[in-house]
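Student: Here it is, the structure, as structure tokens.
The values are calculated or read from the model by the stated rules, or taken from the named source; none is laboratory data. These numbers were taken from a predicted model, which means no experiment stands behind them. Here the Cβ positions follow ideal geometry from the backbone for every residue, glycine too, while neighbour counts run over all protein chains shown.
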Amino acid sequence: MPTLRAFIVEDNPVILGNLVATLEELTNIKVVGSVSTEADAVRELDEHGNDLDLVIVDVFLSGGTGLGVLAAAQKMQLDARRVVLTNFATPEVRRRCTALGAAEVFDKSNELDALIDYCEKLAEA
Amino acid sequence: MPLPSTPQPSAAPVNRLRSSFEMAARGRYTMPIVIALGLVGMAVNESAYQHSQNALSSDIALTDARVKSAETLQLLTEVGLYARSYILTAEPQEASRYHAAVQQMQEAKASAFALVAQVDTQRSISVAPIERLIVQHVRATDDWIAMVGRGERAPAIAAAAGSASLARRDALRQAFAQVLAEAAAVQQVARDNLYRALMLNRVAVHLLALVTMLGLFLFQRQLRRGDQQMAQEGQRLAERVRERTAELTEMATHLVNAREDERNHIARELHDELGGLLTSMKLDLARLRRLPDLPPKVTERMLSIETRLNEGIALKRRIIEDLQPSALKQLGLVQALEILCREMGERLGKPVQAELHDVTLDKSAELTLYRICQESLTNIGKYARCRQVWVRLLADNDQVRLSVRDDGQGFDPQQVSHGRHGLLGMRVRVESHGGHLSVDSAPGAGTTVTARIPISAPGN
């Protein structure tokens with residue numbers, strides 16, 4: 001069972017560190033990189049997008065938004081799954097993210113377990 | 001040496017004169033002086049009147065005195081005639097005529113003297129010579145009458161034919177003429193005095209008229225200038241009020257902006273820092289929960305921690321949402337207001353009926369309307385004691401109208417200070433977008449807060 005390669009776009013270092021540790025401990029996922037701005041994310045995806053299996057995107061970034069990242073990924077027609085992890089998982093945000101090609105949208109506060117479960121299933125599949 | 005207030009040197013003397021007039025007009029001695037002038041004028045006029053009256057009656061008296069003097073002289077002649085007639089006829093009838101004539105002559109003389117005394121109030125004219133001559137004359141004719149009575153007609157005729165009585169008559173005529181001339185001289189003095197008094201009166205009346213005209217002119221000019229100054233003062237005051245209002249609005253706008261910035265800052269801090277910590281704790285819990293063989297007690301405690309953690313997250317979200325409506329940023333005004341109404345309805349425990357139509361406004365005007373709705377709903381929770389709340393948002397011609405209405409106890413807008421209910425802050429916010437805020441309320445009639453913002457507002 002190959003290890004999934006994940007890329008995280010998150011501007012909060014505390015969450016980022018914890019998320020990386022959690023995913024790598026609980027699931028068969030290897031976080032291969034992370035950035036905190038839209039521009040960096042788009043550049044990284046452009047260069048290494050095809051080597052990735054999963055991209056986890058936060059909506060609010062220190063520069064730009066996750067929506068921009070999603071739009072860029074959609075435009076690149078990446079194979080990697082994109083999921084959104086946000087504090088603002090309102091119906092509207094979910095709708096827009098889904099429209100931009102996000103597979104799932106998880107609430108940062110209440111749906112972390114769901115995210116982990118989703119990653120587990122993805123890695124096992 | 002131009003005064004500081006006079007820009008043109010050539011105008012300085014005129015202005016100085018004018019200002020000294022005004023200074024005199026404002027002086028504390030002005031009124032006494034005016035009264036004194038008026039009294040002097042009246043005195044001059046009265047004196048002229050008295051002079052005229054005196055001169056006029058003296059004139060009449062003098063004329064009468066002339067008539068009476070002539071009459072006296074004529075009666076004296078008659079006295080002589082009757083005396084001679086008696087001497088010739090010895091008729092007792094002629095004697096009584098003689099006596100009557102003497103009596104009349106004495107009366108005429110007395111009234112002539114009285115008239116002269118009327119002219120000559122100073123008693124400077126002596127009538128003694130006339131008196132003496134008349135006495136002599138009458139005594140002489142009386143002697144003739146007495147002689148005839150004694151039967152001595154010849155000596156009587158001789159006496160009557162003598163020139164002595166004629167001489168006395170001439171002397172009397174001269175004496176009368178003398179007295180009348182003196183009286184005329186006195187009267188001339190009185191006339192001269194009258195002319196002077198009339199001249200003085202004329203001058204005084206002209207002066208008074210001139211002074212009155214000048215005074216009225218100055219008074220009227222002063223009034224006009226006062227009006228002008230008041231108008232200018234009013235204009236200056238209005239200008240100042242406008243400036244101050246502008247300053248206050250600017251300051252209030254600044255405060256509103258500063259408050260909004262501060263809220264944004266706190267919200268970001270809460271979101272980034274506290275949010276990160278809470279999410280990390282949740283991740284830790286997720287990891288812990290997946291550890292194998294956890295004792296049930298630990299699972300129980302972990303569940304409790306997670307519950308508290310979720311409550312903390314919810315609290316943080318609510319605070320952030322209050323501070324900085326992310327929904328507004330993300331979803332637009334209508335949905336943000338929808339969420340706000342739903343949440344406030346839950347918080348107030350009352351139904352909030354929202355009727356919201358799509359409108360087009362810039363971000364900062366949207367935030368203002370959102371804040372007004374928020375503030376109004378908070379006020380309703382604090383004061384209104386209502387059963388229902390209605391929120392309406394709609395585009396009305398060229399403006400957007402937001403109204404928040406309740407059916408609560410209301411209040412008297414006149415008696416609520418501007419500070420209360422945050423009305424002033426709301427008003428300033430609306431006005432900074434070129435809009436208008438109105439609050440309609442009356443005790444027992446509920447409250448409606450309406451904000452109108454022009455769609456083409458020059459948003460800031």
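Student: Within the range A:52-69, which residues are of a type in the set (A, V, I, L, M, F, W, C) and closer than 20 Å to A:I15 by Cα?
Tutor: Within the range A:52-69, A:L54, A:V55, A:I56, A:V57, A:V59, A:F60, A:L61, A:L67, A:V69 meet the criteria.
Student: May I pose another question? How about the range A:40-64: which of its residues are crowded, with 17+ Cβ neighbours inside 10 Å and within 12 Å of chain B (Cβ to nearest Cβ)?
Tutor: Applying the first criterion (crowded, with 17+ Cβ neighbours inside 10 Å) to the range A:40-64 yields A:40-42, A:44-45, A:49, A:52-61, A:64.
Passing the criteria: A:D58, A:V59, A:F60, A:L61.
Student: State the number of residues belonging to the range A:22-39 that are touching a Leu at 6+ places or on another chain (Cβ under 8 Å) and either over 22 Å from A:Y118 (Cα atoms) or within 9 Å of another protein chain (Cβ to nearest Cβ) (or both).
Tutor: 4
Student: So, B:T89, is that one assigned by TED's automatic domain parsing to the domain that holds B:R169 and modelled with pLDDT under 90 or not?
Tutor: yes
Student: Can you spot a residue in the range B:364-384 that is within 14 Å of another protein chain (Cβ to nearest Cβ), farther than 26 Å from A:L61 by Cα and either in contact with a helix residue (DSSP H, G or I) (Cβ under 8 Å, 6 or more places away or on another chain) or of a type in the set (S, T, Y) (or both)? Step through it out loud before you land on a result.
Tutor: Of all residues in the range B:364-384, those within 14 Å of another protein chain (Cβ to nearest Cβ) come to none.
The answer is no, given that none of the residues of the range B:364-384 is within 14 Å of another protein chain (Cβ to nearest Cβ), farther than 26 Å from A:L61 by Cα and either in contact with a helix residue (DSSP H, G or I) (Cβ under 8 Å, 6 or more places away or on another chain) or of a type in the set (S, T, Y) (or both).
Student: Hey, another quick one. Does B:T249 satisfy the criteria of being at pLDDT below 85, among the polar types (S, T, N, Q) and more than 24 Å from A:S62 (Cβ to Cβ)? Outline the logic, then answer.
Tutor: Details: at pLDDT below 85: yes; among the polar types (S, T, N, Q): yes; more than 24 Å from A:S62 (Cβ to Cβ): yes.
Yes: the conditions hold for B:T249.
Student: Looking at the range B:282-304, can you tell me whether even one residue there is touching a residue at least 24 places away in the same chain (Cβ under 8 Å) and under 26 Å from A:G17 (Cα atoms)?
Tutor: Scanning the range B:282-304 turns up at least one residue that is touching a residue at least 24 places away in the same chain (Cβ under 8 Å) and under 26 Å from A:G17 (Cα atoms).
Student: If a residue must be modelled with pLDDT under 90 and of a type in the set (S, T, N, Q), how many such residues does the range B:379-418 contain?
Tutor: Here the count works out to 6.
Student: A:L85 - would you say it is within 11 Å of another protein chain (Cβ to nearest Cβ), among the aliphatic types (A, V, I, L, M), part of a strand (DSSP E or B) and in contact (Cβ under 8 Å) with a residue 24 or more places away in the chain?
Tutor: Criteria met by A:L85.
Student: Tell me, which residue of the range A:61-82 that is farther than 21 Å from A:Y118 by Cβ and part of a strand (DSSP E or B) is modelled with the highest pLDDT?
Tutor: A:T65
Student: Mind listing whichever residues of the range A:97-125 are more than 14 Å from chain B (Cβ to nearest Cβ), farther than 18 Å from A:E24 by Cβ and in a helix (DSSP H, G or I)?
Tutor: Hits for the range A:97-125 are A:T98, A:A99.
Student: Right, another one. Going through the range B:125-160 one residue at a time, which ones are within 22 Å of B:Q104 (Cβ to Cβ) and not in a helix (DSSP H, G or I)?
Tutor: B:V127
Table: residues versus (1) within 11 Å of another protein chain (Cβ to nearest Cβ); (2) more than 60 Å from the chain's Cα centre (by Cα); (3) exposed (fewer than 15 other Cβ atoms within 10 Å of the Cβ); (4) at pLDDT below 90.
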{"residue": "B:S280", "(1), (2), (3), (4)": "yes, yes, no, no"}
{"residue": "B:P295", "(1), (2), (3), (4)": "no, yes, yes, no"}
{"residue": "B:L323", "(1), (2), (3), (4)": "no, no, no, yes"}
{"residue": "B:Q330", "(1), (2), (3), (4)": "yes, yes, no, yes"}
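Student: I would also like to ask the following. Could you list all residues from the range B:40-72 that are out of contact with any helix residue (DSSP H, G or I) (no Cβ under 6 Å at 6 or more places or on another chain) and among the aliphatic types (A, V, I, L, M)?
Tutor: Residues satisfying the conditions are B:V40, B:M42, B:A43, B:L56, B:I60, B:V67, B:A70.
Student: Still on this model: Looking at B:V241, B:V211 in this structure, which one is assigned to a helix (DSSP H, G or I), at pLDDT 90 or above and of a type in the set (V, I, T)?
Tutor: B:V241
Student: Being surrounded by 21 or more Cβ atoms within 10 Å (Cβ to Cβ) and under 12 Å from the mean Cα position of the chain (by Cα) is the filter; apply it to the range A:1-21 and report the residue that is farthest from the other protein chains (Cβ to nearest Cβ).
Tutor: So the residue we want is A:F7.
Student: Now, a different point. Could you please give the count of residues in the range B:373-402 that are closer than 13 Å to B:T448 by Cβ and acidic (D, E)?
Tutor: Here the count works out to 0.
Student: Let me ask something additional. Which ones in the range B:132-167 are closer than 14 Å to B:T72 by Cα and touching a residue at least 12 places away in the same chain (Cβ under 8 Å)?
Tutor: B:L133, B:I134, B:H137, B:V138
Student: Here is a follow-up. Name, by its number, the condition in (1) buried (at least 18 other Cβ atoms within 10 Å of the Cβ); (2) in a helix (DSSP H, G or I); (3) under 60 Å from the mean Cα position of the chain (by Cα); (4) not aromatic (F, W, Y) that does not hold for B:R259.
Tutor: (1)
Student: While we're on this one: Restricting attention to the range B:267-278, which residues are of a type in the set (D, E) and facing another protein chain (nearest Cβ under 8 Å)?
Tutor: B:D272 - this is the single residue of the range B:267-278 that is of a type in the set (D, E) and facing another protein chain (nearest Cβ under 8 Å).
Student: Next up: Determine if the range B:245-268 includes at least one residue that is within 30 Å of B:Q122 (Cα to Cα), in contact with a Leu (Cβ under 8 Å, 6 or more places away or on another chain) and not β-branched (V, I, T).
Tutor: no
Student: When you scan the range B:419-429, do you find a residue that is surrounded by fewer than 16 Cβ atoms within 10 Å (Cβ to Cβ), at pLDDT below 85 and among the basic types (K, R), even just one?
Tutor: Among the residues of the range B:419-429, at least one is surrounded by fewer than 16 Cβ atoms within 10 Å (Cβ to Cβ), at pLDDT below 85 and among the basic types (K, R), which makes the answer yes.
Student: Kindly evaluate B:S364 against the criterion of being surrounded by 13 or more Cβ atoms within 10 Å (Cβ to Cβ), under 28 Å from B:E269 (Cβ atoms) and small (G, A, S).
Tutor: Against the criterion (surrounded by 13 or more Cβ atoms within 10 Å (Cβ to Cβ), under 28 Å from B:E269 (Cβ atoms) and small (G, A, S)), B:S364 qualifies.
Student: Same structure again: Inspect the range B:220-236 for any residue being at negative phi, part of a helix (DSSP H, G or I) and either within 14 Å of another protein chain (Cβ to nearest Cβ) or surrounded by 14 or more Cβ atoms within 10 Å (Cβ to Cβ) (or both) and give the result as yes or no.
Tutor: yes
Student: Taking interchain pairs and intrachain pairs at least six residues apart, which have beta carbon atoms under 6 angstrom, with the first residue in the range B:44-60 and assigned by TED's automatic domain parsing to the domain that holds B:A114 and among the aromatic types (F, W, Y) and the second modelled with pLDDT of 85 or more and loosely packed, with under 15 Cβ neighbours inside 10 Å?
Tutor: none
Student: Which residue pairs have Cβ atoms under 9 Å apart, sit 6 or more places apart or on different chains, and have a first residue in the range B:102-114 that is farther than 20 Å from B:R84 by Cβ and in the same structural domain as B:I60 (by TED's automatic domain parsing) and a second that is surrounded by 17 or more Cβ atoms within 10 Å (Cβ to Cβ) and among the small types (G, A, S)?
Tutor: B:A108/B:S69; B:K109/B:S69; B:S111/B:A65; B:A112/B:A65; B:A112/B:S69; B:F113/B:A65; B:A114/B:A61; B:A114/B:A65
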